[in-house]
Amino acid sequence: MISIRLSEKMEKELKKVAEFEGISVSDYVRNLIVEELENTYDLDVAEKAHKEYIKSGKKTYSFEEVFDEI
């Protein structure tokens, strides 16, 4: 179990948003944490893949270069 301290204003806003979403505050915060963890993992994987691609020596093209060829 994890507990956090929030200002009264932040707690009220959090409760409003969770109520609007139709879920508990705990579920809402849990969903936010899971989403952030997934985003962090995805970014890490993408950065590693990009570094490996660059190391491979293959030519890369910027969006502008590709667009200019069209």
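The values are calculated or read from the model by the stated rules, or taken from the named source; none is laboratory data. Keep in mind it's a predicted model, so treat the numbers as computed, not measured. For neighbour counting, all protein chains shown are included, and Cβ atoms are generated from backbone atoms with ideal geometry for every residue, glycine included. Areas reflect the complete protein model, heavy atoms only, side chains present, ligands, DNA and RNA absent. Shrake-Rupley method; radii C 1.70, N 1.55, O 1.52, S 1.80 Å.
So Tyr61 ticks every box in (1) surrounded by 10 or more Cβ atoms within 10 Å (Cβ to Cβ); (2) of a type outside the set (A, V, I, L, M); (3) not in a loop (DSSP other than H, G, I, E, B) but one. Which box is left unticked?
Of everything listed in (1) surrounded by 10 or more Cβ atoms within 10 Å (Cβ to Cβ); (2) of a type outside the set (A, V, I, L, M); (3) not in a loop (DSSP other than H, G, I, E, B), Tyr61 misses just condition (3).
Whether any residue in the range 20-39 is in contact with a helix residue (DSSP H, G or I) (Cβ under 7 Å, 6 or more places away or on another chain) and small (Gly, Ala, Ser) is what I want to check.
Taking the range 20-39 and keeping what is in contact with a helix residue (DSSP H, G or I) (Cβ under 7 Å, 6 or more places away or on another chain), we get 21, 24-25, 28.
Add one more test, that the residue is small (Gly, Ala, Ser), and what stays is 24.
Checking the range 20-39: at least one residue is in contact with a helix residue (DSSP H, G or I) (Cβ under 7 Å, 6 or more places away or on another chain) and small (Gly, Ala, Ser).
Taking the range 6-21 on its own, how many of its residues are over 23 Å from the mean Cα position of the chain (by Cα) and open to solvent by 100 Å² or more (accessible area, probe 1.4 Å)? If you could, list the steps in order and put the result at the bottom.
In the first step, residues of the range 6-21 are kept if they are over 23 Å from the mean Cα position of the chain (by Cα); the result is 7-9, 12.
From the residues that got through so far, the ones that are open to solvent by 100 Å² or more (accessible area, probe 1.4 Å) too are 8-9, 12.
Looking only at that region, the number is 3.
Suppose the filter is modelled with pLDDT under 95 and open to solvent by less than 90 Å² (accessible area, probe 1.4 Å); does Thr40 pass it? Spell out how you get there, then give the answer.
On the way: modelled with pLDDT under 95: no; open to solvent by less than 90 Å² (accessible area, probe 1.4 Å): yes.
In short, no.
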